[in-house]
Amino acid sequence: MNPYKFGTYLIIALLLNVPQAMATIFLSVKQIQSNRMAILSLGLSAEYLNIFEMLMLTIMPAISAGMLTAQANNIQVILHDLLLQPQDEMHVREIECFIRYVEARPCRFRVWKVIPLDADLLGMVLSFCVTYLIVIIQFTNK
């Protein structure tokens with residue numbers, strides 16, 4: 001699959017799922033403010049599950065990429081530990097060469113070479129949601 005096509009799909013999923021999640025959370029806050037939460041609690045529970053599923057499916061590639069990066073870092077640590085063990089000179093040079101190669105090209109995933117595909121994406125989405133929910137609540141509060 002073309003990486004740019006995957007990035008396009010991910011951005012479209014974020015653009016479609018995040019506003020729906022924000023709207024549901026905003027409506028819930030408004031229901032809590034007006035003390036009518038009991039009326040819509042069952043319907044909102046189903047909506048929360050739906051939004052949780054959508055957001056998890058959208059964020060899972062970032063979580064998977066973060067886990068893959070952690071594994072690549074673990075391999076690097078294992079290679080450094082191998083250097084501490086007594087070995088022949090040729091084997092040591094090959095390990096050092098590979099370590100330099102991996103350090104020069106760290107395991108990173110980006111969407112469209114701009115958006116990091118790791119735990120930072122989750123933080124960016126959450127900070128975006130919280131910021132704009134606060135702004136919306138402030139503007140609609142009477």
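The values are calculated or read from the model by the stated rules, or taken from the named source; none is laboratory data. The model shown is predicted, which means the values in this text are computed figures rather than measured ones. All Cβ positions, glycine included, derive from the backbone under ideal geometry; neighbour counts span all protein chains shown.
Highlighted here are the helices (runs of 4 or more DSSP H) found entirely within region 1-106 that include at least 1 residues which are at pLDDT below 80, within 18 Å of the chain's Cα centre (by Cα) and among the hydroxyl-bearing types (Ser, Thr, Tyr): 3-33. Pull up region 107-121, narrow it to residues that are among the hydrophobic types (A, V, I, L, M, F, W, C) and modelled with pLDDT of 80 or more, then point me to the one that is nearest to Asn73 (Cα to Cα). Among residues in region 107-121 that are among the hydrophobic types (A, V, I, L, M, F, W, C) and modelled with pLDDT of 80 or more, the one nearest to Asn73 (Cα to Cα) is Cys107.
Any idea which residue in region 107-142 is farthest from the chain's Cα centre (by Cα), counting only those that are over 24 Å from Leu10 (Cα atoms) and surrounded by 10 or more Cβ atoms within 10 Å (Cβ to Cβ)? If you could, list the steps in order and put the result at the bottom.
Going residue by residue through region 107-142, those that are over 24 Å from Leu10 (Cα atoms) are 134-142.
Adding the requirement that they be surrounded by 10 or more Cβ atoms within 10 Å (Cβ to Cβ) leaves 134-137, 140.
Details: Ile134: 22, Val135: 23, Ile136: 24, Ile137: 26, Thr140: 30 Å.
My answer is Thr140.
Among the residues of region 79-96, those identified as surrounded by fewer than 10 Cβ atoms within 10 Å (Cβ to Cβ) and among the hydrophobic types (A, V, I, L, M, F, W, C) are Leu84, Met90. Among the numbered criteria (1) out of contact with any helix residue (DSSP H, G or I) (no Cβ under 6 Å at 6 or more places or on another chain); (2) under 23 Å from Ile25 (Cβ atoms), which single criterion is violated by Gln87? In the conditions (1) out of contact with any helix residue (DSSP H, G or I) (no Cβ under 6 Å at 6 or more places or on another chain); (2) under 23 Å from Ile25 (Cβ atoms), Gln87 misses (2) alone. Of everything listed in (1) out of contact with any helix residue (DSSP H, G or I) (no Cβ under 9 Å at 6 or more places or on another chain); (2) under 27 Å from Gly7 (Cα atoms), the single unmet condition for Leu122 is (1). Please verify whether Ile99 is touching a residue at least 12 places away in the same chain (Cβ under 8 Å), closer than 21 Å to Val18 by Cα and surrounded by 14 or more Cβ atoms within 10 Å (Cβ to Cβ), treating the condition exactly as stated. No.
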